[in-house]
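Here is the structure we will look at.
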Amino acid sequence: MKEVNLYTDGSSLGNPGASGFCALLEYTKENGEKIYKQISGGEPYSTNGRMELKAVVEGLKLLKEPCSVIIISDSKYICDSIEQYLPNWIKKGFKDVKHTDLWGEYLHLSKNHKIHTQWVKAHNGHPQNEHCDKVAKANAQIYIQT
């Protein structure tokens, strides 16, 4: 399996409010060359948590084959949900869980991959996390200006 890093971030101005997300895939070829793919977007009115999850889902959609994926996020919601809470949510039929539509997509998209998460502190100089933060906020700004 290819090993891929998936950097993600979401933003909501007002929370809820104008929102954006960014997902950046990073793959290192055998010769050391790094390959990147990015997807981003936004919504006129959403929450930060939803955009964090949207970034993960949209990033996984970019994968064309089963991979070992490390989702690197500054969102405890994302990291803790995937690593700890998701099995129990499934058992309980997602009762009282937010964003069930996106969690359903996540489950579908993740089934062929080996996924782990890594939490990073926000605004702490991590280059890819800072990049995703900047792009997510820029996408949210688009909806402020329209």
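For region 103-127: of the residues being at pLDDT 95 or above and closer than 17 Å to LYS76 by Cα, which is most open to solvent (accessible area, probe 1.4 Å)?
Here is the first cut: in region 103-127, the residues at pLDDT 95 or above are 103-120, 127.
From what's left, closer than 17 Å to LYS76 by Cα: 103, 106, 115-120.
Details: TRP103: 0, TYR106: 10, ILE115: 29, HIS116: 88, THR117: 30, GLN118: 89, TRP119: 113, VAL120: 17 Å².
So the residue we want is TRP119.
What are the residues in region 88-110 that are of a type in the set (Lys, Arg) and in contact (Cβ under 8 Å) with a residue 40 or more places away in the chain, if any? Break it down into steps so the answer makes sense when it comes.
Taking region 88-110 as the starting set, the residues that turn out to be of a type in the set (Lys, Arg) are 91-92, 95, 98.
Hit for region 88-110 is LYS98, nothing else.
Name the helices (runs of 4 or more DSSP H) wholly inside region 32-128 in which the number of residues that are under 12 Å from the mean Cα position of the chain (by Cα) and of a type in the set (Phe, Trp, Tyr) is 1 or more.
Correct list: 76-80, 100-110.
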**Report entry** Number of the condition not met by SER73 [criteria: (1) in contact (Cβ under 8 Å) with a residue 24 or more places away in the chain; (2) within 22 Å of VAL135 (Cα to Cα); (3) of a type in the set (Gly, Ala, Ser); (4) surrounded by fewer than 22 Cβ atoms within 10 Å (Cβ to Cβ)]
**Finding:** (4)
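The values are calculated or read from the model by the stated rules, or taken from the named source; none is laboratory data. Because the structure is a prediction, the values reported are computed rather than measured. Virtual Cβ from ideal backbone geometry, glycine too; neighbours counted across all protein chains shown. Note: areas computed on protein heavy atoms with side chains; ligands, DNA, RNA excluded. Shrake-Rupley method; radii C 1.70, N 1.55, O 1.52, S 1.80 Å.
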